[in-house]
Amino acid sequence: MPELITVQELLAMGLPPIIIYAAPVMFALVFLEWGISAWQNKDRYEAKDFWASTAIGVGNIVVSSLTKVSIFGLILFFYNMMPWRVPYEWWSYPLCFIFLDFCRYWAHRIAHEQRIWWATHVPHHSSEQYNFSVSFRLSWVQGFKVLFFLPVAMAGFHPVVFFICHQIAVLYQFWIHTEMIDKLPRPIEFIFTTPSHHRVHHAKDDHYLDKNYGSTFIIWDRMFGTFQPELNTPNYGITKPPESYNPVYLVFHEFIDIWKDLKKAEGFKDYLWILFASPAEQARAVKEDESGAP
């Protein structure tokens, strides 16, 4: 049986907080983008929206700090359960990154296709602007999605490899939240998720909805039929715009709506429908009920 690792040993390894190190650069790029947008007379930033994104991002950092040990413990528990190990070598990093990105694709897709998971992700889509600061909008309860990444630990990748790859994957998301970068050369656009691909993902236009889930690689969308190229300028946001810029409301409004619907449910099947049917499917059902369609 391979040697077990404890949380204390993992923390003692001094995992580099890559995102914290990158934060000054990220904020510098936000203000650079804002300055260029103002100079070009482009309406890419709105003050209330920017501060809402920033407040949600700060809240996410606080929650992540408080739950870090618990998440470490969960990953370690499943890693230690496995009778195999991927050797802790340089090549384990790119291998882990690709497998993690595959898991991130499915976690992201399920977060759009099941309403209870959508509630953990909707804050990221609630802005009707598209700029670097939107990348800060990460829900305070998205830590529950660690469940989708357990296969990486169970595959035998060392926890240090997992956490470094995970931070790089999250950091990659920053640069694709902008309108200032047009389509890139075809080989890049074919393999990697780019700003063009992710603009489509943040759009609320019917032909763009629920497309381009790829985190770093767009190849998963091409493989599983969810790819959509950018054809026209997207309209950003969610189909039912939020009623406030209050960051607490933006993080929890979908949970509140789910609770209201659950209170009206008439049985177990209704509960399952409300929790796990796709938001798009539920929205269509509401429209049909309101129109009196059979």
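Here are some notes:
- Evaluation of Q142 against (1) surrounded by fewer than 20 Cβ atoms within 10 Å (Cβ to Cβ); (2) farther than 27 Å from W259 by Cβ (one fails), failing number: (2)
- Within the range 228-261, considering residues that are of a type outside the set (S, T, N, Q), touching a Phe, Trp or Tyr at 6+ places or on another chain (Cβ under 9 Å) and under 18 Å from R186 (Cα atoms), the one surrounded by the most Cβ atoms within 10 Å (Cβ to Cβ): E230
- Remark: pairs (first residue in the range 112-128, among the β-branched types (V, I, T); second residue in a helix (DSSP H, G or I); Cβ separation under 7 Å; 6+ apart in sequence or on different chains) = I116/I258; I116/L275; I116/F276; T120/A111; T120/Q142; T120/F144; T120/K145; V122/E254.
- In the range 22-38, the residues that are of a type in the set (V, I, T) and surrounded by fewer than 16 Cβ atoms within 10 Å (Cβ to Cβ): V25, I36
- Of all residues in the range 1-38, exactly one satisfies the criterion of being in contact (Cβ under 8 Å) with a residue 24 or more places away in the chain, of a type in the set (G, A, S) and under 19 Å from C165 (Cα atoms), namely A22.
- Test: residue in the range 35-45 that is within 22 Å of the chain's Cα centre (by Cα) and part of a loop (DSSP other than H, G, I, E, B): yes
- Residues located in the range 72-107, provided they are in contact (Cβ under 8 Å) with a residue 24 or more places away in the chain and either outside any helix (DSSP H, G or I) or of a type in the set (K, R) (or both): M82, P83, W84, R85, V86, Y88, R104
- Residue selected from the range 197-210 under the condition over 13 Å from the mean Cα position of the chain (by Cα) and crowded, with 19+ Cβ neighbours inside 10 Å, by the criterion farthest from V134 (Cα to Cα): Y208
- Extreme residue, farthest from A12 (Cα to Cα), among residues of the range 58-100 that are small (G, A, S) and at pLDDT 95 or above: G59
The values are calculated or read from the model by the stated rules, or taken from the named source; none is laboratory data. Everything numeric here is computed off the predicted structure, so don't read it as measured data. So basically every Cβ, Gly included, is an ideal-geometry build from the backbone, and we count neighbours across all protein chains shown.
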